[in-house]
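Notes to accompany the following structure.
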Amino acid sequence: LIRMIQNATDELAELKDQIPAAGTASAGSSQPLKDYLTTVAAGSGVSAASLGLENEKSGAVRDGSKETLAQVTLKKINLRQLVRFLFQMENGSRPVKLRNLTIETHSDQSGYLDATLQVSTFTLKAT
């Protein structure tokens, strides 16, 4: 168990080194959410065919920002790919937050799973 925890800690440290700080890369906030998530998926080893984006709709509008809600599906991925995807999505150049996560395993002993994520992203309101 200690070895597993240490390996996970080492992998998170490695991921933090690979991801640029959110304040330094602002290009992600102007691109469409689907394109941003495709870039994140590619960086985490998830194929574009496994990624789906549905039910994209407007959320709360605040003084300086506008929220967009969406459902993201990841099909036939392994746990490592899911963890990398979630980490890169929340720590990337665009403010995307995970609101809900549902995981379904495949019953065929393949080790693959399907994940459904409810996410929200924020953009600056045009004035």
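For the range 30-85, the alpha carbon convex hull comes to 90 Å³ per residue, rounded to a whole number.
Think of a 1.4 Å ball rolled over the protein heavy atoms: the chain then has 63 Å² of accessible area per residue. Within straight-line reach of K16, meaning a Cα separation under 20 Å, sit the following aspartates and glutamates at least 8 residues removed in sequence or on another chain: E90.
Overall, the ratio between the Cα radius of gyration of the chain and 2.2 N^0.38 Å, rounded to two decimals, is 1.12.
Peptides 99-105, 1-7, 88-94, 73-79, ordered by how many other C-beta atoms sit within 10 Å of their residues on average, highest first, read 88-94, 73-79, 99-105, 1-7.
Give me the percent relative contact order of the chain, please, defined on Cα pairs under 8 angstrom at least 6 residues apart. Worked out over the chain, it gives 27 percent.
Taking amide H as placed 1.01 Å from N in the peptide plane, Y112 has its amide H under 5 Å from the amide H of H106, each at least 5 places away in sequence or on another chain.
Please give the helix 79-90 orientation as an angle from the longest Cα principal axis of the chain, in degrees from 0 to 90, rounded to the nearest 10. Result, in degrees: 20. Near the amide H of S65, within less than 5 Å, lie the amide hydrogens of K125, all on another chain or at least 5 residues away, with H placed in the peptide plane.
Accessible surface of the chain, 1.4 Å probe: 52 percent of it comes from carbon and sulfur atoms. In the chain, helices alone account for a calculated mean residue ellipticity at 222 nm of -10000 deg cm²/dmol, with every DSSP H run of four or more residues adding -39,500 (n - 2.57).
The values are calculated or read from the model by the stated rules, or taken from the named source; none is laboratory data. The shown structure was predicted, so the numbers you read here are calculated from the model rather than taken from an experiment. No Cβ is skipped: glycine too gets one built from the backbone with ideal geometry, and neighbour counts run over all protein chains shown. All accessible areas refer to the heavy atoms of the entire protein, side chains included, with ligands and DNA or RNA removed. Shrake-Rupley method; radii C 1.70, N 1.55, O 1.52, S 1.80 Å.
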